[in-house]
1. Whole-Hz ³J(HN,Hα) for each residue in segment 68-75, computed from phi via Karplus 6.51 cos²θ - 1.76 cosθ + 1.60 with θ = phi - 60°, x for glycine and proline: what do you get?
2. Of the DSSP beta bridges with both residues in segment 142-296, give the percent that are antiparallel, rounding to the nearest 5.
3. Determine the order of LEU308, LEU49 by accessible area, beginning with the largest, at a probe radius of 1.4 Å.
4. If you take the square roots of the eigenvalues of the alpha-carbon gyration tensor of segment 25-125 and sort them as a ≥ b ≥ c, do you get rounded (a/c under 1.5), prolate (a/b over b/c) or oblate?
5. Please go through segment 141-186 and write out the chymotrypsin sites (Phe, Trp or Tyr not before Pro) that DSSP classes as loop and that have at most 13 other C-beta atoms within 10 Å.
6. Ordered by residue, what ³J(HN,Hα) values in Hz, to whole numbers, does segment 129-145 give under the Karplus form 6.51 cos²θ - 1.76 cosθ + 1.60, where θ = phi - 60° and Gly and Pro are x?
7. Ordering THR104, THR57 from largest to smallest accessible area (1.4 angstrom probe), what's the sequence?
8. Restricting attention to segment 1-100, which GluC sites (Glu not before Pro) occupy a DSSP loop and are surrounded by at most 12 other Cβ atoms within 10 Å?
Amino acid sequence: MNRRVATITLNPAYDLVGYCPDIVLGEVNRVRTAGLHAAGKGINVAKVLKDLGIDVTVGGFLGKENQDGFQQLFSELGIANRFQVVPGRTRINVKLTEASNEVTDFNFSGFEVCQNDWQRFMADSLSWLGQFDMVAVSGSLPAGVDPESFSDWMRQLRSVCPCIIFDSSREAFAAGLKASPWLVKPNRRELEIWMGRPLPTLEDVVEAAHALREDGIAHVVISLGVEGALWVNASGAWLAKPPVCEVVSTVGAGDSMVGGLIYGLLMRESSEHTLRLATAVAVLAVSQSNVGIKDRMQLASMMSQVELKPFN
Ligand SMILES: Nc1ncnc2c1ncn2[C@@H]1O[C@H](COP(=O)(O)OP(=O)(O)O)[C@@H](O)[C@H]1O
Ligand SMILES: O=P(O)(O)OC[C@H]1O[C@](O)(COP(=O)(O)O)[C@@H](O)[C@@H]1O
């Protein structure tokens, strides 16, 4: 069976991850560094899939001036690299975890994509993405790529690969939805921004998921942080609750969940099993400083601790 997956990250990042017990604005804050990782949403997804034994190709844009960390990661993990290198630097995002387990993100800007580079990306990516079973499109848009051009690319992508898994935020999320991807994974906050109102109860969240389904999206998975995740599709709705775990860093938890969802779907597992697996993969990410699955036994044990039930 052909199980090939590509992930597209238009705006990757180096994540500088650290621990600062209590951030005080306007003061000098001392930070214990946990790591500097070549990351970004689709790259985190690819790392998880590779650890699960899936053949994965990555693409998008990388800044020419600081591409070495990414190139090294791809060759170390055996990930096929189709990134387009553009002038400038890939951004560095700073992620600080406090004693309360709250993460504060500083997502910086990086390279700017010029029209020529965007046109080249459109033509090139659409010429090779059609050979994949699934394509994950993840993260924000870099400077120079406007939401309309992104919608246009997503629509063309859908015509060559119907199984698009989409995870983004704000204007990029709204733009990508216009192409009715097959599965979307917003977190609760992203869904609230899209709906333009708070979603205080799980019933509100499910109602918003149905609004997305009415736009032609088959599967809507909403991650709810420590509360777990909801999966809504034509067959029903399921709620997964993660076990209590020690929080090292929640950075990449959502991406890990997307990696787990793709794996379960590729293996043609049921929605219940896939959500259980994806939740377990996400919890593993939370309990370590970086994403990835080091131990399949640990994953199996985590899966058995996830509480899963239909949600009516
Ligand atoms: N504190 C936590 N304890 C246990 N699991 C967590 C915790 N935070 C997140 N998770 C798991 O990670 C998943 C994704 O987290 P979430 O914060 O919702 O995504 P995102 O990173 O996209 O904002 C959740 O659905 C949950 O399974
Ligand atoms: O492209 P965006 O939306 O700025 O997000 C990029 C950031 O999101 C991450 O992929 C982590 O995402 P999640 O915590 O949602 O899984 C980081 O690696 C990266 O710095």
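1. For segment 68-75, the Karplus curve yields 4, x, 6, 4, 5, 4, 5, 6 Hz.
2. On the way: 9 of 14 bridges.
Roughly 65 percent of the beta bridges in segment 142-296 run antiparallel, per DSSP.
3. Numbers: LEU308 45, LEU49 0 Å².
Ranked from most to least accessible, the order is LEU308, LEU49.
4. On the way: a/c = 2.44, a/b = 1.42, b/c = 1.72.
Cα axes put segment 25-125 in the oblate bin.
5. On the way: sites: PHE150, TRP153, PHE166, PHE173, TRP182; in loops: TRP182.
Sites meeting the loop and neighbour criteria: none at all.
6. 6, x, 7, 9, 6, 9, 10, 9, 10, 9, x, 7, 9, x, 4, x, 9
7. Numbers: THR104 45, THR57 5 Å².
Putting THR104, THR57 in descending order of accessible area: THR104, THR57.
8. Working: sites: GLU27, GLU65, GLU76, GLU98; in loops: GLU27, GLU98.
Passing sites in segment 1-100 are GLU27.
The values are calculated or read from the model by the stated rules, or taken from the named source; none is laboratory data. Every value quoted in this text rests on a predicted model; they were computed, and no experiment measured them. Cβ: placed from backbone, ideal geometry, glycine included. Neighbour counts: every protein chain shown. Heads up: the accessible areas ignore ligands, DNA and RNA and are worked out on the full protein's heavy atoms, side chains in. Shrake-Rupley method; radii C 1.70, N 1.55, O 1.52, S 1.80 Å.
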